Amino acid sequence: MYRFLLTPRWWGINVFVVLAIPFCIFMGSWQLGRFEDRVQDHHGATTQAESNRDASARPLAELLPVDKATVGKQVTASGRYGKQLLVPDRELDGKRGYYVLTLLRTDSGQALPVVRGWLPGDADPAKAPAPPAGEVTVTGALQATETPGDNGVSARGGLPAGQTAAISTASLVNLVPDDVYDAWVTLNKGDSGMRAVPVSAPQNTGLDLKAFQNLGYTAEWFAFVGFVVFMWFRLLRREVELARDAELGLVPDDTDGNQGGGDTEREPEPRPSPSGV
């Protein structure tokens, strides 16, 4: 009854099933591992943010370059404020507003972007407080350069003069005359009555859409395993039923051994005579 399993057609089906099941299990496990890594990174970033708030500030040079281990840490830098820019379309507590970004010229000759605070409404240079004059020392959280299009950072261009969509070296290098650090700082306390900008989590460390996409892909791969097994048993059952019917004589068995698969000749039906007899 099961001789059909030795046919080339069923050899191909069986090989496909044998290869597809472990491949789907591997891909599902890999996607699940990616989701678990993102969950672990999220917990690690949350714990790190809590510890960073209580840590003492360190000089800027000791924390560069910015990575997952140093982002959010307290940093201190000294210099003189220079060019000021506005960063529009930034939300805080569900309200639309803008950042006031001022370049701090340090003794190294490079400029450190410092977000002095947030103001509600449309970006308006007349409402942005002027930076303090003379030598200043700032203390705040170290942040990684932003990537347009990620984490809600606008990628649109054509902004008015004195505005930038992203706080990144690539964007600022064309707007200021100084060399710019590949990092920025948000002050712990807003300057001149502005609200302080909260620390941003490192990229790819939160339970964002990508994390839940990994979880969705995990379910899809394991569901496909069940689908492959179900279809294999369904085809097997169909072939067994055809073979059983052939043994009982319910399905003609052709010379090639295919149950019910061949065409059989039918006797022509008698045609009535012209006289209707």
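Restricting attention to the stretch 104-129, the residues that are of a type in the set (A, V, I, L, M), under 11 Å from Gly82 (Cβ atoms) and within 31 Å of the chain's Cα centre (by Cα) add up to 2.
Within the stretch 194-213, one or more residues are at pLDDT 85 or above, surrounded by fewer than 18 Cβ atoms within 10 Å (Cβ to Cβ) and either touching a strand residue (DSSP E or B) at 6+ places or on another chain (Cβ under 7 Å) or charged (D, E, K, R) (or both).
Yes/no per residue for (1) modelled with pLDDT of 85 or more; (2) over 25 Å from Lys127 (Cβ atoms); (3) crowded, with 19+ Cβ neighbours inside 10 Å:
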site: Val138; (1), (2), (3): yes, no, yes
site: Ala144; (1), (2), (3): yes, yes, yes
site: Asp150; (1), (2), (3): no, yes, no
site: Ala161; (1), (2), (3): yes, no, no
site: Thr164; (1), (2), (3): yes, no, yes
site: Ile167; (1), (2), (3): yes, no, yes
site: Tyr181; (1), (2), (3): yes, yes, yes
site: Trp184; (1), (2), (3): yes, no, yes
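With respect to the stated conditions, Arg244 fails to be at pLDDT 85 or above, of a type in the set (Lys, Arg) and either surrounded by 17 or more Cβ atoms within 10 Å (Cβ to Cβ) or not in a loop (DSSP other than H, G, I, E, B) (or both). The residue pairs whose first member lies in the stretch 121-137 and is assigned by TED's automatic domain parsing to the domain that holds Gly97 and assigned to a loop (DSSP other than H, G, I, E, B), whose second member is surrounded by 14 or more Cβ atoms within 10 Å (Cβ to Cβ) and of a type in the set (Asp, Glu), and whose beta carbons are closer than 9 Å, counting only pairs six or more residues apart or on different chains, are Ala123/Asp89; Pro129/Asp191; Pro131/Asp191; Pro132/Asp191.
Would you confirm whether any residue within the stretch 88-107 is assigned by TED's automatic domain parsing to the domain that holds Trp184, within 25 Å of Gln163 (Cβ to Cβ), among the β-branched types (Val, Ile, Thr) and without any contact (Cβ under 8 Å) to a residue 40 or more places away in the chain? Checking the stretch 88-107: at least one residue is assigned by TED's automatic domain parsing to the domain that holds Trp184, within 25 Å of Gln163 (Cβ to Cβ), among the β-branched types (Val, Ile, Thr) and without any contact (Cβ under 8 Å) to a residue 40 or more places away in the chain.
The values are calculated or read from the model by the stated rules, or taken from the named source; none is laboratory data. Note that the structure is a prediction, hence the values are computed from the model and not measured. Glycine also receives a Cβ, built like all others from the backbone with ideal geometry; neighbour counts cover every protein chain displayed.
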